[in-house]
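Presented below is the structure to which this report refers.
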Amino acid sequence: MSEQNYNRWLILAAAVIMNLCIGTLYAWSVFAKPLGALFTWAPPALALAFTINHGLSPVSMIGGGFIQDKLGSKTTIVIGGLMFSAGLILTGFLSEGSSIGKLYLTYSTLAGIGGGVVYAGTMANTVKFFPDKRGLAAGICAAGYGCGAMLMAPIASVLIIKYGILSCFQILGSVFFVVIALALTVTKRAPANYIPDGWTPPVVTTTTPAGANSKWTQMISEGIWWVIMIMLYCGAMSGLMVVAHASPIGQLMFDLPPMKAAFFVSVITLANAFGRIGFGALSDKIGRSNTIMLMYIVSALSMLNLTFTTCVAGFVASGIGVGAVFGGFLCLIPPIIGERYGMKNFGVNYGVTFIGFSLAALTGPLLAAKIRVASGDYNQAFWIALGVNVVGLVFAFLYRTMDNKTQDKVR
């Protein structure tokens, strides 16, 4: 189908705007401290809110992917947008003496699942509209999610100071509801087998992974899928650890005041966004597996530097490296899944693969919080994250070997 009937770049821009809204979930480190002060909740309990939020990703991604595959992107985003906005607004109505379980219900579950459903709808639709530039398009779409925290961290800090943490949630939830509704007006469902003008699709045979249009049950029966999921876990763990605790790390280990710490959260998340675009575009040029190995090396060196540095510049440099790689993984997995298992069932297949991200969310931030309580700083957590990156690099070599064998069979 011709690109003349669709302005795919406008649709991509709308997806980025919606992802900017739901990307606020990554600004959790700005919300955590004032919530703890207001309700006297302990740091590990607050870290669990972030962990639950992202640990439920497979639920939202698989559910959102199913709706996307069956009913299209607009329906998916409507459902997710309502849940996300409602979750934030209800968080703003927590009352004095509320148990932290209510926070887990409103912010972690309702807003978290809603944000994931929106992301599933925007990402699946974007990848289908850009068969010629999957890495770049997925990176730009995912960058919106990463930039959400960068934009919202300083804004939320100002709102918290001026109106309080609860009013901040109410304001953000209401504004995001309106913005997502407006972005939906230009969103169109990608047609099956969309072909942009001027692009000739590669020859696809029935023996190629892309020609299979596999269901998720077929996908998980392949050993290489398990390697992909482990790579996602290893790549996301250190990123989630730093993003979730960036503000406390800055304040505790580098003596930064809250507003400056919030600024550095924005710097790290900006690197996250550029990492999605940069590594996505690079993977279109040098291949997915080569790019993944490069990212593991960058992340490992960043965690090593974070362990030894004692200056703010070192903290920022490591945060930029880890953030960029974290973003890179979130933009590389979608095209890998689409290319290996086809686009017909992409939504559900990507959602199932996102289990790797969920496992990282369940371990990384909570582990860092517990280590901080036990030892007084985050150094041991940094060493663990470094080791996980080394393990990931080994699996990246394994993936490249298995992927090359697949391509050799096709030839």
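Looking at Thr122, is it of a type in the set (Ser, Thr, Tyr) and farther than 20 Å from Phe326 by Cα?
Numbers: of a type in the set (Ser, Thr, Tyr): yes; farther than 20 Å from Phe326 by Cα: no.
No.
In summary, Phe263 fulfils each of the numbered conditions (1) in contact with a Leu (Cβ under 9 Å, 6 or more places away or on another chain); (2) open to solvent by less than 50 Å² (accessible area, probe 1.4 Å); (3) not basic (Lys, Arg) with the single exception of condition (2). Checked against the criterion of being assigned to a helix (DSSP H, G or I) and open to solvent by 10 Å² or more (accessible area, probe 1.4 Å), the candidates Pro154, Pro131 yield just one match: Pro154. Pairs are defined by a Cβ separation below 6 Å, a sequence spacing of at least 6 or placement on different chains, a first member in the range 213-229 that is small (Gly, Ala, Ser), and a second member that is assigned to a helix (DSSP H, G or I) and open to solvent by less than 70 Å² (accessible area, probe 1.4 Å); the pairs so defined are Ser214/Tyr341.
Matching residues to (1) in contact with a strand residue (DSSP E or B) (Cβ under 7 Å, 6 or more places away or on another chain); (2) open to solvent by less than 10 Å² (accessible area, probe 1.4 Å); (3) part of a helix (DSSP H, G or I); (4) at pLDDT 85 or above:
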| site | (1), (2), (3), (4) |
| --- | --- |
| Thr51 | no, yes, yes, no |
| Ser60 | no, yes, yes, yes |
| Lys70 | no, no, yes, no |
| Val78 | no, no, yes, yes |
| Phe93 | no, no, no, yes |
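Here the range 393-405 is the region considered, the condition is being open to solvent by less than 70 Å² (accessible area, probe 1.4 Å) and touching a Ser or Thr at 6+ places or on another chain (Cβ under 8 Å), and the residue that is farthest from Ile249 (Cα to Cα) is Asp403. The set of residues from the range 224-250 being of a type in the set (A, V, I, L, M) and within 20 Å of Phe395 (Cα to Cα) comprises Ile224, Val227, Ile228, Met229, Ile230, Met231, Leu232, Ala236, Met237, Leu240.
Restricting Leu172, Leu159 to residues that are surrounded by 22 or more Cβ atoms within 10 Å (Cβ to Cβ) and either in a helix (DSSP H, G or I) or under 22 Å from the mean Cα position of the chain (by Cα) (or both) narrows the list to Leu172. Scan the range 14-27 and tell me whether some residue there is open to solvent by 50 Å² or more (accessible area, probe 1.4 Å), assigned to a helix (DSSP H, G or I), within 17 Å of Ala138 (Cα to Cα) and touching a helix residue (DSSP H, G or I) at 6+ places or on another chain (Cβ under 7 Å). The answer is yes, given that some residue of the range 14-27 is open to solvent by 50 Å² or more (accessible area, probe 1.4 Å), assigned to a helix (DSSP H, G or I), within 17 Å of Ala138 (Cα to Cα) and touching a helix residue (DSSP H, G or I) at 6+ places or on another chain (Cβ under 7 Å). The criterion of being buried (at least 24 other Cβ atoms within 10 Å of the Cβ) and of a type in the set (A, V, I, L, M) does not hold for Ile355.
The residue that is most open to solvent (accessible area, probe 1.4 Å), counting only those in the range 28-47 that are touching a Ser or Thr at 6+ places or on another chain (Cβ under 8 Å) and at pLDDT below 90, is Lys33.
Specify the residue that is most open to solvent (accessible area, probe 1.4 Å); the eligible residues are those in the range 178-194 that are part of a loop (DSSP other than H, G, I, E, B) and not basic (Lys, Arg). Filtering first and then ranking leaves Asn193.
For Gly87, indicate whether it is open to solvent by less than 10 Å² (accessible area, probe 1.4 Å), touching a Leu at 6+ places or on another chain (Cβ under 7 Å) and under 23 Å from Leu184 (Cβ atoms). Full working, then the answer.
Working: open to solvent by less than 10 Å² (accessible area, probe 1.4 Å): yes; touching a Leu at 6+ places or on another chain (Cβ under 7 Å): yes; under 23 Å from Leu184 (Cβ atoms): yes.
Here the answer is yes, as Gly87 does meet what is asked.
Every test in (1) more than 23 Å from Val59 (Cβ to Cβ); (2) at pLDDT below 90 is passed by Ser99 save one, and that test is (1).
Just the residues that are touching an Asp or Glu at 6+ places or on another chain (Cβ under 8 Å) and either free of Cβ contacts under 8 Å to residues at least 24 places away in the same chain or not aliphatic (A, V, I, L, M) (or both), please, taken from the range 316-353.
Matches in the range 316-353: Lys344, Asn345, Phe346, Gly347.
The values are calculated or read from the model by the stated rules, or taken from the named source; none is laboratory data. Owing to the predicted nature of the structure, the values given are computational and were not obtained by experimental measurement. Ideal geometry is used to build each Cβ from the backbone, glycine not excepted, and the neighbour counts take in all protein chains shown. Side chains included, ligands, DNA and RNA excluded: accessible areas come from the protein's heavy atoms. Shrake-Rupley method; radii C 1.70, N 1.55, O 1.52, S 1.80 Å.
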